[in-house]
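This report refers to the structure that appears directly beneath it.
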Amino acid sequence: MRRLLAGRLLQGLAVLWVVATLTFALLHLAPGDPYSYQSDRRVAPEVAAHWRHVYCLDRPLPAQYACYLASLARGDLGFSISQSRPVRDILIDYVPRTLELMSLGLLLSFAVGIALGVLEARRRGTFADWGSRGIALFFYSMPDFWLALMLALVFAYWLPIFPISGIENVIAAPTYGWWQHAVDHLRHLVLPVTALVLMTCAGIARFQRAAMLDAIQLEFVVTARAKGVSESVIARHHVLRNALLPIITLAGLTLPMLLGGAVLVELVFSWPGMGFITATAVGSRDYALVTSSVLVTSALVVVGTIAADLLYALADPRVRAA
Amino acid sequence: MRIASCIPAILLALLAACGGSDRSASTARPTTLVITLPADADNLLPPLSTNETSAQVGAVLFEKLAEVGDSLNVVGDEGFRPSLADSWTWAPDSLSIAFHLDPKAHWQDGVPVRASDVVYSYRLNTSKDVGSAVGPLLAGIDSVTASDSVTAVFWFHARSLEQFLNAGTQMRVLPAHLLQNVPDSSLKTAPFDRHPIGSGPYKFVRWVSGSAIEVSADSTFHRGRPKIDRIIWSIAGSPDAAMLRLFSGEANFMETLRKQDIEQIGKHPNLKAVRYPSMTVFYVLFSERSRGWHGPHPVFGDRDVRRALTMAVDRRRAVSTVFDSSTLLALGPFTSALSTYDPALPRLPFARDSAAAILERRGWVMGKDGVRHKGGIPLRFSLLVPGTSTQRQQMAVLLQDMFKHVGARMDIEHVDFPTMNDRMEKHDYDAAFEGMTVDATPSGIRQEWSTSAARAGGPSNTGYYSNPAFDVVIDSAVGASSPKVAIAQYRRAYATLIGDAPAIWLYEGTTVAGMGTDVHPAHMRADMWWAHLADWSIGDGPAARSASVALAAGTH
């Protein structure tokens with residue numbers, strides 16, 4: 001188990017280094033730099049030159065890369081030019097919001113996806129099976145941004161049930177107590193989380209349905225049925241337990257997909273998380289912020305994948321033994 | 001299992017109910033202007049801020065010594081309004097101006113504003129370690145001293161008609177007692193940047209990164225309490241998200257509407273669209289040097305060819321097709337809002353036949369492929385167009401067609417803003433569809449179009465327009481001794497520039513704001529619509545829906 005963990009950690013570090021280097025190279029290969037995009041107020045050339053010098057932007061690319069790696073090694077993620085503050089401080093503000101959105105999205109996607117998969121497998125071939133798969137596929141096949149916009153349009157504008165965007169009611173928030181804050185925040189979470197769940201739960205349901213149908217045909221299930229065990233006990237104790245194993249792997253794989261979806265969802269619902277800030281930073285060529293955002297996102301994916309591997313090993317003794 | 005399946009529905013119903021109950025509340029309430037916009041502020045310390053959101057917030061927190069008047073006259077000191085300074089006195093030799101501060105002015109922590117604050121603010125804005133964008137604009141000032149506790153004296157290197165503008169309105173005054181112990185190089189990370197204390201009409205309340213910035217009216221403000229109680233800048237991730245906020249009532253002001261949004265606003269009972277002047281000019285800039293600057297550009301190096309191509313464009317038709325007939329055609333790199341503008345300035349007419357004749361005369365002969373050639377070189381060039389601007393893309397297609405009629409072929413290159421700016425700075429382009437926010441200072445035209453600007457490199461005059469006659473006239477305008485002479489000289493310089501056709505001047509930016517029908521904006525200035533925010537009011541009528549939430553909660 002320790003060897004497995006050590007191996008995965010080493011792999012993860014290698015992945016992070018490759019990601020950091022590729023992001024750095026791609027960003028710097030694109031024309032322009034943070035001072036080529038000062039859309040609102042023109043910065044005088046001498047001022048731009050001063051800041052380019054301060055942030056090593058006037059040095060050759062290899063020197064900039066060395067500068068970047070040295071900073072990373074010191075744990076210094078750099079200074080965001082577009083936000084005018086250390087990247088570390090920005091991440092402290094924005095990462096928890098994305099984690100909140102994503103973890104809720106992941107949790108509910110799997111809860112809904114597994115429930116639908118079980119339902120579809122148990123009612124295989126019935127109207128419920130076809131209907132559930134059809135509806136899930138309908139949402140799954142919709143473009144992410146369109147689905148998010150439609151949710152906002154229907155549930156925040158036509159039927160003004162939920163707030164249209166943001167993380168809080170900006171007018172009333174200063175007067176709220178903690179309870180009102182929590183409720184207000186939850187209300188703002190509903191639409192973005194629903195969008196994420198609708199985007200991903202169909203895939204999980206299909207996966208779960210297939211796994212259930214495979215497990216139903218296994219010999220121990222036939223034996224249990226022959227022994228007269230009730231169908232619901234067979235489904236819960238024999239089929240579902242075995243059919244959940246591949247879902248652990250799927251959870252690791254869904255993480256990057258959810259993060260990708262979160263970028264669009266954050267933009268549409270103005271949820272100030274990593275996707276929101278990274279999209280802005282790319283447009284303004286904010287090297288430090290983009291590279292750090294990508295790095296943190298990759299780290300989250302790596303950690304998620306390692307966690308999935310470890311969970312799988314814990315759940316399946318054969319993997320541990322191997 | 002059945003109960004479990006009902007939980008999400010129950011939760012949703014509860015959450016919806018929690019929100020809905022607040023909305024019905026309505027009592028006498030504090031007024032709140034919620035401005036929705038796409039970008040968060042970067043830094044609330046004015047010398048360090050570079051984006052417009054920061055500028056808007058900074059403008060209500062910190063004051064200048066004087067404000068440019070609504071006529072936007074910046075030549076001499078006519079039309080300027082007192083702000084932190086209630087009066088000023090010129091020295092007999094015009095080499096210094098003494099600003100007398102309003103003795104009632106105070107910082108929001110109760111400390112009075114003093115001349116030493118002005119001295120400190122000047123030092124900060126010109127410090128190399130701070131790298132303020134305002135610094136270069138203060139270059140004409142030799143020093144600033146405090147002659148007494150409420151009188152700051154600006155000393156100049158030489159006389160100019162923009163002395164007052166530079167001294168009185170370029171920098172905002174900062175509290176020395178709160179900042180002077182912070183080293184200049186550490187200012188970027190100072191806590192003050194995110195929790196500022198100013199002397200302006202509004203007090204800072206809070207800033208939630210990526211979400212909102214809030215200020216509240218300062219009832220002790222030395223020029224009187226502002227009319228709106230609270231202003232909130234609410235950050236939306238995209239123009240669509242911002243529009244939805246305006247439509248849903250979560251915001252009651254949006255500074256720029258897109259064409260399609262204006263039509264929608266007209267159908268909304270609680271919203272109105274308000275047009276206000278703009279300082280942006282859009283034009284197709286010709287690069288007069290070849291790519292990499294190896295000699296003149298094969299097409300645009302010839303003044304007559306530039307003029308012919310300008311005459312080949314039916315600007316009125318192009319502009320009304322993309323916008324509407326009320327959009328103003330640009331005459332040059334200046335807007336009708338400037339005091340030096342003259343609608344009678346000469347302009348190159350739309351005359352396709354004359355354009356073709358000029359091209360013929362300059363040796364560009366029509367080929368079988370419908371494109372003119374000269375010495376084996378086709379009359380073909382590419383136009384950089386920012387991919388994010390729908391209007392510019394649409395207009396580029398119309399221009400492409402118009403050029404085709406005179407035998408010129410234009411290829412359109414869609415690029416993002418940083419790429420466009422980078423290529424222009426590196427002179428890697430033929431023509432570019434530029435949008436430039438014009439400086440309210442008429443002398444800014446020298447920085448953009450003079451020969452010295454072209455030689456200096458950088459982002460100014462990347463097309464390398466150079467005409468000694470223009471340089472001479474613009475120098476005499478900047479150095480003129482009276483506003484009247486200066487304005488006449490500026491107009492002569494404009495005429496020279498228009499005649500040389502370094503660009504095809506297309507249109508002035510049309511800015512339309514969306515707001516609640518109960519929002520009553522004071523004059524929206526072309527260079528800063530937010531200049532008079534303290535004079536705006538919110539009257540009877542449908543307010544921003546969420547405003548009532550705050551009221552019910554009993555704020556203020």
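The values are calculated or read from the model by the stated rules, or taken from the named source; none is laboratory data. Source: prediction; values computed, not measured. Reconstructed Cβ throughout: ideal geometry from the backbone, glycine too, with neighbour counts over all protein chains shown.
Can you list the helices (runs of 4 or more DSSP H) lying wholly within segment B:353-453 that have 3 or more residues being surrounded by fewer than 16 Cβ atoms within 10 Å (Cβ to Cβ)? Let's see the steps before the verdict.
Numbers: elements: B:390-404, B:417-425, B:444-449.
Here the list reads B:390-404.
Determine, yes or no, whether B:Val274 is outside any loop (DSSP other than H, G, I, E, B), in contact with a strand residue (DSSP E or B) (Cβ under 8 Å, 6 or more places away or on another chain), aliphatic (A, V, I, L, M) and buried (at least 18 other Cβ atoms within 10 Å of the Cβ).
Numbers: outside any loop (DSSP other than H, G, I, E, B): yes; in contact with a strand residue (DSSP E or B) (Cβ under 8 Å, 6 or more places away or on another chain): yes; aliphatic (A, V, I, L, M): yes; buried (at least 18 other Cβ atoms within 10 Å of the Cβ): no.
It is false that B:Val274 is outside any loop (DSSP other than H, G, I, E, B), in contact with a strand residue (DSSP E or B) (Cβ under 8 Å, 6 or more places away or on another chain), aliphatic (A, V, I, L, M) and buried (at least 18 other Cβ atoms within 10 Å of the Cβ).
Does A:Gly125 fit the bill of being at pLDDT below 90, at positive phi and under 26 Å from the mean Cα position of the chain (by Cα)? Quick ask: steps written out before the conclusion?
Details: at pLDDT below 90: yes; at positive phi: yes; under 26 Å from the mean Cα position of the chain (by Cα): no.
Against the criterion (at pLDDT below 90, at positive phi and under 26 Å from the mean Cα position of the chain (by Cα)), A:Gly125 does not qualify.
Inside segment A:113-128, can you point out the residues that are within 27 Å of A:Ile248 (Cα to Cα) and either among the β-branched types (Val, Ile, Thr) or buried (at least 17 other Cβ atoms within 10 Å of the Cβ) (or both)? Lay out the reasoning, then the answer.
Step one: list which residues in segment A:113-128 are within 27 Å of A:Ile248 (Cα to Cα), which gives A:113-125, A:128.
Result: A:Gly113, A:Ile114, A:Ala115, A:Leu116, A:Gly117, A:Val118, A:Leu119, A:Glu120, A:Ala121, A:Arg122.
Restricting to segment B:443-464, what's the tally of residues that are hydrophobic (A, V, I, L, M, F, W, C), within 14 Å of another protein chain (Cβ to nearest Cβ) and within 11 Å of B:Leu497 (Cβ to Cβ)?
Within segment B:443-464, the first condition is being hydrophobic (A, V, I, L, M, F, W, C), and the residues that meet it are B:445, B:449, B:453-454, B:456.
Subset that is within 14 Å of another protein chain (Cβ to nearest Cβ): B:445, B:453-454, B:456.
So of that shortlist, the ones also within 11 Å of B:Leu497 (Cβ to Cβ) come out as B:445.
Counting residues in segment B:443-464 that are hydrophobic (A, V, I, L, M, F, W, C), within 14 Å of another protein chain (Cβ to nearest Cβ) and within 11 Å of B:Leu497 (Cβ to Cβ) gives 1.
Any residue at all in segment B:156-170 that is among the aromatic types (Phe, Trp, Tyr), buried (at least 16 other Cβ atoms within 10 Å of the Cβ) and not in a helix (DSSP H, G or I)?
Our first condition is that a residue be among the aromatic types (Phe, Trp, Tyr); within segment B:156-170, this holds for B:156, B:164.
Narrowing further to those that are buried (at least 16 other Cβ atoms within 10 Å of the Cβ): B:156, B:164.
If we keep only those that are not in a helix (DSSP H, G or I) too, we end up with B:156.
Yes; the residues of segment B:156-170 include at least one that is among the aromatic types (Phe, Trp, Tyr), buried (at least 16 other Cβ atoms within 10 Å of the Cβ) and not in a helix (DSSP H, G or I).
What about A:Thr254, is it surrounded by 21 or more Cβ atoms within 10 Å (Cβ to Cβ), in contact with a helix residue (DSSP H, G or I) (Cβ under 7 Å, 6 or more places away or on another chain), of a type outside the set (Phe, Trp, Tyr) and more than 14 Å from chain B (Cβ to nearest Cβ)?
Numbers: surrounded by 21 or more Cβ atoms within 10 Å (Cβ to Cβ): yes; in contact with a helix residue (DSSP H, G or I) (Cβ under 7 Å, 6 or more places away or on another chain): yes; of a type outside the set (Phe, Trp, Tyr): yes; more than 14 Å from chain B (Cβ to nearest Cβ): yes.
So A:Thr254 fits the description; yes.
On the basis of being in contact (Cβ under 8 Å) with a residue 24 or more places away in the chain, in a helix (DSSP H, G or I) and buried (at least 18 other Cβ atoms within 10 Å of the Cβ), does B:Val118 make the cut?
Values: in contact (Cβ under 8 Å) with a residue 24 or more places away in the chain: yes; in a helix (DSSP H, G or I): yes; buried (at least 18 other Cβ atoms within 10 Å of the Cβ): yes.
Here the answer is yes, as B:Val118 does meet what is asked.
Take B:Glu78 and decide whether it is assigned to a loop (DSSP other than H, G, I, E, B), among the acidic types (Asp, Glu) and modelled with pLDDT of 95 or more. Write out each step before concluding.
Numbers: assigned to a loop (DSSP other than H, G, I, E, B): yes; among the acidic types (Asp, Glu): yes; modelled with pLDDT of 95 or more: no.
For B:Glu78, the condition - assigned to a loop (DSSP other than H, G, I, E, B), among the acidic types (Asp, Glu) and modelled with pLDDT of 95 or more - is not met.
So if I check each of A:Leu149, A:Leu107, A:Leu91, A:Leu153, which one is closer than 30 Å to A:His238 by Cα and within 14 Å of another protein chain (Cβ to nearest Cβ)?
Details: A:Leu149 fails: closer than 30 Å to A:His238 by Cα; A:Leu91 fails: closer than 30 Å to A:His238 by Cα; A:Leu153 fails: closer than 30 Å to A:His238 by Cα.
Residue meeting the stated conditions: A:Leu107.
So is B:Asp240 charged (D, E, K, R), facing chain A (nearest Cβ under 10 Å) and within 24 Å of the chain's Cα centre (by Cα) or not? Give the derivation first.
Working: charged (D, E, K, R): yes; facing chain A (nearest Cβ under 10 Å): yes; within 24 Å of the chain's Cα centre (by Cα): yes.
It is true that B:Asp240 is charged (D, E, K, R), facing chain A (nearest Cβ under 10 Å) and within 24 Å of the chain's Cα centre (by Cα).
Quick check on segment A:217-231. Is at least one of its residues under 23 Å from A:Leu311 (Cβ atoms) and in contact (Cβ under 8 Å) with a residue 60 or more places away in the chain?
no
Under the condition of being farther than 26 Å from A:Val87 by Cα and without any contact (Cβ under 8 Å) to a residue 60 or more places away in the chain, which residue from segment B:209-220 is nearest to the other protein chains (Cβ to nearest Cβ)?
Narrowing segment B:209-220 to residues farther than 26 Å from A:Val87 by Cα: B:216-220.
Adding the requirement that they be without any contact (Cβ under 8 Å) to a residue 60 or more places away in the chain leaves B:217, B:219.
Details: B:Ala217: 15, B:Ser219: 18 Å.
Top of the filtered list is B:Ala217.
Quick check on A:Ser165: is it at the interface with another protein chain (Cβ under 10 Å from one of its Cβ atoms) and of a type in the set (Ser, Thr, Tyr)?
On the way: at the interface with another protein chain (Cβ under 10 Å from one of its Cβ atoms): yes; of a type in the set (Ser, Thr, Tyr): yes.
Yes.
Of the residues B:Arg206, B:Arg194, B:Arg245, B:Arg230, only one is closer than 23 Å to B:Tyr122 by Cα and within 14 Å of chain A (Cβ to nearest Cβ); which?
Numbers: B:Arg206 fails: closer than 23 Å to B:Tyr122 by Cα; B:Arg245 fails: closer than 23 Å to B:Tyr122 by Cα; B:Arg230 fails: closer than 23 Å to B:Tyr122 by Cα.
Result of the check over B:Arg206, B:Arg194, B:Arg245, B:Arg230: B:Arg194.
If you go through segment B:465-474 one residue at a time, do you hit one that is away from chain A (no Cβ under 12 Å), buried (at least 22 other Cβ atoms within 10 Å of the Cβ) and part of a loop (DSSP other than H, G, I, E, B)? Steps first, please.
The initial filter retains those residues of segment B:465-474 that are away from chain A (no Cβ under 12 Å), namely B:465-474.
Retained after the next criterion (residues that are buried (at least 22 other Cβ atoms within 10 Å of the Cβ)): B:465, B:470, B:474.
Those still in the list that are part of a loop (DSSP other than H, G, I, E, B) too: B:465.
The answer is yes, given that some residue of segment B:465-474 is away from chain A (no Cβ under 12 Å), buried (at least 22 other Cβ atoms within 10 Å of the Cβ) and part of a loop (DSSP other than H, G, I, E, B).
I'd like the residue in segment B:301-329 that is of a type in the set (A, V, I, L, M, F, W, C) and at pLDDT 95 or above and, out of all such residues, is nearest to B:Gln394 (Cα to Cα). Steps first, please.
The initial filter retains those residues of segment B:301-329 that are of a type in the set (A, V, I, L, M, F, W, C), namely B:305, B:308-309, B:311-313, B:318-319, B:322-323, B:328-329.
Those still in the list that are at pLDDT 95 or above too: B:305, B:308-309, B:311-313.
Details: B:Val305: 24, B:Ala308: 22, B:Leu309: 19, B:Met311: 20, B:Ala312: 18, B:Val313: 14 Å.
Checked segment B:301-329; the qualifying residue nearest to B:Gln394 (Cα to Cα) is B:Val313.
One residue is enough: does segment A:172-189 have a residue meeting the conditions of a type in the set (A, V, I, L, M), within 11 Å of chain B (Cβ to nearest Cβ) and either outside any helix (DSSP H, G or I) or touching a Lys or Arg at 6+ places or on another chain (Cβ under 9 Å) (or both)?
Our first condition is that a residue be of a type in the set (A, V, I, L, M); within segment A:172-189, this holds for A:172-173, A:182-183, A:186, A:189.
Still in the running and within 11 Å of chain B (Cβ to nearest Cβ): A:172-173, A:182-183, A:186, A:189.
After this cut, where a residue has to be either outside any helix (DSSP H, G or I) or touching a Lys or Arg at 6+ places or on another chain (Cβ under 9 Å) (or both) as well, the list is A:172-173.
Looking through segment A:172-189, at least one residue is of a type in the set (A, V, I, L, M), within 11 Å of chain B (Cβ to nearest Cβ) and either outside any helix (DSSP H, G or I) or touching a Lys or Arg at 6+ places or on another chain (Cβ under 9 Å) (or both).
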